Each structure stands twice: as structure tokens, then as C-alpha cells.
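Below is one structure, written out as C-alpha cells, with a few remarks after it.
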Amino acid sequence: MRVIGLMSGTSHDAIEAAAADLALDDDTLLLRPLGHLSVPYADDLRARVVACLPPAVTTTQAVCALDSGIGQAFAGAAARALRELCAGAADLVVSHGQTVHHWVEDGIVRGTLQLGRAAWIAEATGLPVVSDLRSRDVAAGGQGAPLVGMTDALLLCGLPGTPAALNLGGIANVTVLAPGAAPLAFDTGPANALLDAAVHHFTDGTAAYDADGRRAAAGRVRPELLRVLLDDPYYRRAAPKTTGKEHFHLPYLQRALDAVPTPAPDDVLATLTRLTAVTVADACRAHGVTQLVASGGGTRNPVLMRMITEELPGVPVRPSDDLGLPSDAKEALAFAVLGFLTVHGLPGTHPSATGASRATLLGSITPGLTPLRLPEPVARPPRRLRIVRS
């Protein structure tokens, strides 16, 4: 089955599209990557996404307009992926949409909202679309995230020791696969969320991120600020747990800065980069991680990757590309895997990873231009993932 996966994460800067041929071979899921592309949001659309995010106040009209705008943008990305990556032939599109709110109270997820209606994608491509993948897990008592845990667990299977997969987006998350234990997945805290907010603030909006970590490299870590940031109760919560920009945003950072002597902007960025490294490392040490497979936009920040390595001496850190899964495309491919599992009648979560009462079939299916015909249900879920190189 040829599947296109679409993803836009908490950095909300672009839609990542990836295509793959997927097939089941006994207990192994075979994945052959066909390529990936990144489609930046138009400036106006990205500005409207930012304006909608907490702690901002919005209206139902603005949310409705944003839902259509994001849906049309995802439809354009899907059509381009169908044309450029699949030579016009595919069987399924899987769309994560754009998260605008992840509602957490006292560690319990009460709801989650991703915008970008699947109907726009189905209409543009003619293909069936699996979307709204998080809500079913939330309804079953889970965190609804991180949903990459299923793909991570399949990918890590067979690696020695206690391997973990790390994704560095706006929020950092890990999946840990200890020998003889069920997979555990959770958000460790901010990755790029606070960094990007700080850069945007300090540059009056002329820059969106710290390119190559250059400004962090020019600054020095301020221990007093790091102590204030690390005092957040989130880091002491037991996994599984999730967080987002509802918690880690510019006003949150400004409150921390108000509690310490005013640091230079580059010192703030150095401290925020170290915050991510420390919280990732603390989470890995707490679960005995012996090797780390990294992916996501944060892997392109050499200062962040150096700091993570410093915080985890003796733990090899390598990109998911080493295992055949392109780092820049991993999340989009992970959602392609989830949609593939859904249409084959297989759950897309491990209860141990999300905290749900049971493993659930994820998402809703929007038909394409032809009558919906699903594959025959599969009785046994895959136990491992093998990347097939072209």
C-alpha cells in the first residue's frame, strides 16, 4: 500500500509530507521510503496560527477560518506529494493536522484539537484520508501523545540494551524500549518551543529560530535562570505525560526572566538550549537508556546536539537516518504507519506509552472520490519495522 503522511508539529512553520510503500510480512512491517518534502506555511497563515495559540484569546470565526486555511494548505501539500513523490499513484493519505490546543489538567488530557479538515485533502487528491488520530486515545484515557511511540517501538526492536528514540520538535519526546518491558513514551519538555519564542521576541519578529544554534553558542548558560526553569513541576511528573505550547510559551519564559537578574539575550538562548539537553538527559537516565536515536528539526542545531551528548556521557547519540529512517521525515512517516495500521484494523498505540486503558484504532476515515474499500482486517499486529532501501 502506498501511503502519504502529513505532519505539522508544535513549531507550526511547515507541513512535512512523506510517502512510503508499506506492507506486512508476517510479524514485520516493511517500509520503503519514497521521498519527502517540506511545504512552508504562507506567512499570513502561520501568523494566524500563532495568533490563535494559547494564551491568546480567539473566536470561533477565527478558528473556523483557520481550520479551512490549514485544510487547504495540507491539501496542497498532499497533492504535491502525490505528484512529486508517488508519480500520481497512491492509496491513502494520513494527516495529523495542526495542533492548536492540547487540554491538560492535573496531568490528565481532557481533549485535543488539530485543525485542517480532511475533506480538503480528499477533494484535492481523490484519496481516502485518515485524520484526527489523537482523539480516540484521549477518549480511552490516554495522553493522545506522543503518537510516534508505535513507530519508534517497532524501529527500536532488536537494538541491544535499552534504546530510546528522541524527537526534537517544538516539544521533545522520547520512546524507551527496555528489555522485557512494554514501550514507554512521553514528552520530556520543550525542545524548540521556548527557543523559538525567545528568538522571535528578542529580534522583534525578524528571526524565527536560532539558526545552527549560533546565538546560543555566543552566550553562556546562566545557572540562576536554569534553576528557575528546572523548578517546573512538569519535570517531576511520572510518565506517561504530555505537554505543549499551552504551557511552554513566551509569557511562561518572561515570568522566569522576571525572577532573575536580567540576562543578555544570547545567554537566555544558551540557557534554554541547556534546559532541553538537561531535561532530555534526565529522562533518559531515569529509564536506563543506553543509546539514543534522534530525529526532528532540533537535530539540525549542532549546539543542542552537543549539549545533549555532554549531558549523556557514555550514551551514543545517532540520527534515525543511521537506521534508514530519514530524520526530517520521521514524524510524517510515523503517521503514514498509523494510518496504514488503522485501515488494516490494527491499533496504533501501546497503552503503556500513552496511559490509555487499552490499545485503540486511531483516527477517522474520510472517503476519496470512489467508494471506500478497506483491506481485509489483519489479526496480528507487527512486532518490528524493517526499512527497505530502494
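The values are calculated or read from the model by the stated rules, or taken from the named source; none is laboratory data. Source: prediction; values computed, not measured. Counting neighbours? That spans all protein chains shown, and the Cβs are built from the backbone with ideal geometry, glycine included. Only protein heavy atoms, including side chains, enter the accessible area calculation; ligands, DNA and RNA are left aside. Shrake-Rupley method; radii C 1.70, N 1.55, O 1.52, S 1.80 Å.
Quick notes
- Once the Cα gyration tensor of the stretch 242-389 is diagonalised, semi-axes √(5λ) in Å: 37, 20, 16
- Solvent accessible area, Å² - W103, 1.4 Å probe, full protein context: 120
- Per residue Cα convex hull volume in Å³ - calculated over the stretch 1-80: 118
- Debye log10 I(q)/I(0) for the stretch 1-142, one point scatterer per Cα, at q = 0.11 Å⁻¹: -0.44
- Inter-label distance, nm, simple model (7 Å from Cα along the C-beta direction), A56/D25: 4.7
- The stretch 79-121: Cα Rg divided by the 2.2 N^0.38 Å rule of thumb: 1.68
- Over all pairs of different C-alpha atoms in the stretch 162-306, the reciprocal of the mean inverse distance, the Kirkwood hydrodynamic radius, equals 15.4 Å.
- Label-zone membership for the stretch 324-342, site V388, 7 angstrom Cα→C-beta point, backbone N under 19 Å: 324-326, 333-342
- Kirkwood Rh and Cα Rg combined as Rg/Rh, the stretch 61-134: 1.07
- Approximate spin-label separation A139-A65, in nm, with each point projected 7 Å along Cα-to-Cβ: 3.1
- For the chain: accessible area per residue (Å², 1.4 Å): 40
- Compared with the dominant principal axis of the Cα atoms in the chain, helix 302-311 is inclined by about 80°.
- Here the accessible area of the stretch 62-175 is 53 percent carbon and sulfur, with a 1.4 angstrom probe and all protein chains present.
- Average projection area in nm² (convex hull over Cα atoms of the stretch 34-97, one quarter of hull surface): 5.0
- Selected from C86, C52, C64 as most flexible by GNM, with the chain as the system and alpha-carbon contacts under 10 Å: C64
- Radius of gyration over Kirkwood radius for the chain, both on Cα atoms: the Rg/Rh ratio is 0.95.
- Direction-averaged projected area, Cα convex hull, the stretch 292-378: 8.4 nm², rounded to one decimal.
- Using alpha carbons only: equivalent-ellipsoid semi-axes of the stretch 218-259, gyration tensor based, whole Å: 21, 13, 10
- Cα-based radius of gyration of the stretch 114-246 once divided by 2.2 N^0.38 Å, which approximates compact folds: 1.31
- At 1.306 mPa s and 10 °C, Stokes D of the stretch 164-210 from Kirkwood alpha-carbon radius, µm² per second: 131
- Taking only protein heavy atoms and a 1.4 Å probe, the accessible area of the stretch 249-390 is 55% carbon and sulfur.
- Dipole magnitude of the chain, debye to nearest 20 (Cβ charges: Lys/Arg +1, Asp/Glu -1, about Cα centre): 520
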